[in-house]
Amino acid sequence: FPTYGQAQTDAISEYFSEHGLLLCNDHPTLPSLDEMGWTMESLLPLIERREVFYCKALQNRSCYLSREAYLLLARCKKQRPLTDEAAAVLKAAREHPDSEKDALRAAVELDKKAFDKAFDFLLQQLYLTAGTGRRIQSGWCVYGYVTAAQWRAQVPGLHFSGDAAAALRRLMPSAMTD
């Protein structure tokens, strides 16, 4: 990877502190990586330092949440129970942390369609996130995945008391609906 300057790292960190959410792809009303002039690669240091949580919690779109936004959303969002397929993928991620999606697929006995459905479910329901990443071509990366529990274990001071839903709406008013 090229080393990103401290100014860019500070700008991305400041953005997440203020707004809590950034989408991977273009959206009509919410900011995205491209719109902000960043790439997936520019987020890798933040992912690896556990400063952002990758998921598909907003309209099943790939997005990045700040630690604070993740904590608040995790407190508000009722996770749907795991399907058998999702449980198998989550178990593989727990046993093989920081494995890329293809490696996780190889570790479970599911066809591609069933695996992809279970994998997306885990990202949508905040059971799974990116823990590492590597560049595969200009502007495009692949992630190594960890369970949300493994991610949280590496993030000090994740706690909140109060009305998490109200705090989340204040942090991300344009993204949060009931």
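The values are calculated or read from the model by the stated rules, or taken from the named source; none is laboratory data. It should be emphasised that the depicted structure is a prediction, and the values quoted were computed from it without experimental measurement. Note: ideal-geometry Cβ built from the backbone for every residue, glycine included; neighbour counts use all protein chains shown. For accessibility, only protein heavy atoms count, side chains too; no ligands or nucleic acids. Shrake-Rupley method; radii C 1.70, N 1.55, O 1.52, S 1.80 Å.
How large are Rg and Dmax for the chain when only the alpha carbon atoms are used, in Å?
Here Rg and the maximum Cα pair distance are 15.8, 45 Å.
Measuring with a 1.4 Å probe in the full set of protein chains, what accessible area per residue, in whole Å², belongs to the chain?
Using a 1.4 Å probe on heavy atoms only, each residue of the chain averages 53 Å².
Could you work out what % of the accessible surface of the chain is carbon and sulfur, using a 1.4 angstrom probe and leaving DNA, RNA and ligands out of the count?
Solvent-exposed carbon and sulfur of the chain make up 48 percent of the total.
Under the Karplus relation 6.51 cos²θ - 1.76 cosθ + 1.60, θ = phi - 60°, what is the ordered set of whole-Hz ³J(HN,Hα) values for segment 43-49, x standing for Gly and Pro?
Per residue, the Karplus-derived 3J(HN,Hα) values read 8, 4, x, 5, 5, 5, 8 Hz.
With a 10 Å radius around each residue's Cβ, average the other Cβ atoms per peptide and rank 61-70, 114-123, highest first.
61-70, 114-123
Only Cα pairs under 8 Å and at least 6 apart count here; give the relative contact order of segment 76-155 as a rounded whole percent.
Computed over segment 76-155, the figure is 34 percent.
Report the charge-dipole magnitude of the chain in Debye, nearest 20, computed about the Cα centre from +1 at each Lys and Arg Cβ and -1 at each Asp and Glu Cβ.
In total the dipole reaches around 460 debye.
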